[in-house]
Amino acid sequence: MSKTTESDSYYNNLENMSIHELLVNMNKEDKTVPLAVEKVIPQIEKLTEAITSAMQKGGRLFYIGAGTSGRLGIVDASECPPTYGIEHGRVIGLIAGGDEAIRKAVEFAEDDITQGWKDLEAHNINDKDVVVGIAASGSTPYVVGALKTCNEKNILTGCITCNAGSDVVKVSKFPIEVVVGAEFVTGSTRMKSGTAQKLVLNMLSTSVMIKLGRVKGNKMVDMQLSNNKLVDRGTKMVMKNTGLEDYEAAKALLLKEGSVRKATECFFNHEKHKK
């Protein structure tokens, strides 16, 4: 198997390029990523359907990875509660080396083939859950070992990788193989591979949350009101949904109920009882 993420860059003598040339060529390579993602939409669809079904039955979604891949999973998982109001602990991101590795690389953490499963066990993983391994190279022992054990325990598995037919694919029931080709800087998978993984993660979690009823129309009606900007956005959504013209009244209702959805429902229930 040829590891396309490790293939020699299409460019050479990068140090001799002007800044303009560097930027233009990086952008040229980045443009190919969405096209590579487009080719595997059927794979993304299958995994999304599996995750949605599991979560509708009360299961959880785990992302597990190392380095950039692990950090991307943690970013996606951490954004689900504030964006969609889903309970903390329903989408969980794990990274080789633990929380310390989010900010600083932990040497050789990804090479431990048993630690991934131990990290999952710490969250009482069970056969209602889904585990998605994220590994650009497709060979990360931390991820491969975890998915292999998940299969043995009848836990649903998927992966996001940028090397077709890699080790992680072989231990995933629902693999996603986004082959982006050689990186601008040889082997620097935080570039095109990382972009591809982020795009796929966006598609997975957003589609799942919509199917779980966490979006109405095109609005984040369950978002957490964690700052003034979101309170203002939510207030305007309540005004639009209910017909209320008084900003302060809509804001007070929103803050009392805690979400756009609940504020809207409260308003119409009140109106119904008035009749």
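The set of residues in the range 134-180 that are acidic (Asp, Glu) and under 16 Å from the mean Cα position of the chain (by Cα) contains only Glu177.
Look at Gly116 and say whether it is touching a residue at least 12 places away in the same chain (Cβ under 8 Å), at positive phi and buried (at least 21 other Cβ atoms within 10 Å of the Cβ). No; evaluated as a whole, the condition is false for this residue.
Among the numbered conditions (1) part of a helix (DSSP H, G or I); (2) at pLDDT 95 or above, the only one that Gly213 does not meet is (1). Within the range 9-48, the set of residues being farther than 22 Å from Ser205 by Cα and touching a Gly at 6+ places or on another chain (Cβ under 9 Å) comprises Ser9, Tyr10, Glu29, Thr32.
Taking (1) under 30 Å from Leu14 (Cα atoms); (2) surrounded by fewer than 24 Cβ atoms within 10 Å (Cβ to Cβ) in turn, Ala196 satisfies each apart from (2). The set of residues in the range 203-256 that are touching a strand residue (DSSP E or B) at 6+ places or on another chain (Cβ under 8 Å) and of a type in the set (A, V, I, L, M) comprises Leu204, Val208, Met237. If you check Val200, Val179, which single one turns out to be in contact with a strand residue (DSSP E or B) (Cβ under 8 Å, 6 or more places away or on another chain), among the aliphatic types (A, V, I, L, M), in the same structural domain as Asp76 (by TED's automatic domain parsing) and at pLDDT 95 or above? Residue meeting the stated conditions: Val200. Just one of the listed residues (Lys173, Lys153, Lys148) is in contact (Cβ under 8 Å) with a residue 12 or more places away in the chain, among the basic types (Lys, Arg) and touching a Gly at 6+ places or on another chain (Cβ under 7 Å), namely Lys173. If the condition is being under 29 Å from the mean Cα position of the chain (by Cα), assigned to a helix (DSSP H, G or I) and in contact (Cβ under 8 Å) with a residue 24 or more places away in the chain, then the range 5-29 contributes Thr5, Glu6, Asn25, Met26, Glu29. Among the conditions (1) surrounded by fewer than 21 Cβ atoms within 10 Å (Cβ to Cβ); (2) over 15 Å from Asn202 (Cα atoms), the only one that Gly65 does not satisfy is (1).
When the residues of the range 199-229 are filtered to those that are without any contact (Cβ under 8 Å) to a residue 12 or more places away in the chain and not basic (Lys, Arg), the one that is surrounded by the fewest Cβ atoms within 10 Å (Cβ to Cβ) is Asn218. Among the residues making up the range 143-186, a single one is crowded, with 24+ Cβ neighbours inside 10 Å, touching a helix residue (DSSP H, G or I) at 6+ places or on another chain (Cβ under 6 Å), in a helix (DSSP H, G or I) and not β-branched (Val, Ile, Thr): Ala146. Here are the criteria: (1) part of a loop (DSSP other than H, G, I, E, B); (2) without any contact (Cβ under 8 Å) to a residue 60 or more places away in the chain. Tell me which single one Gly58 does not satisfy. Result: Gly58 passes all but (2).
The values are calculated or read from the model by the stated rules, or taken from the named source; none is laboratory data. Keep in mind it's a predicted model, so treat the numbers as computed, not measured. Please note: Cβ atoms are built from the backbone with ideal geometry, for glycine as well, and neighbour counts cover all protein chains shown.
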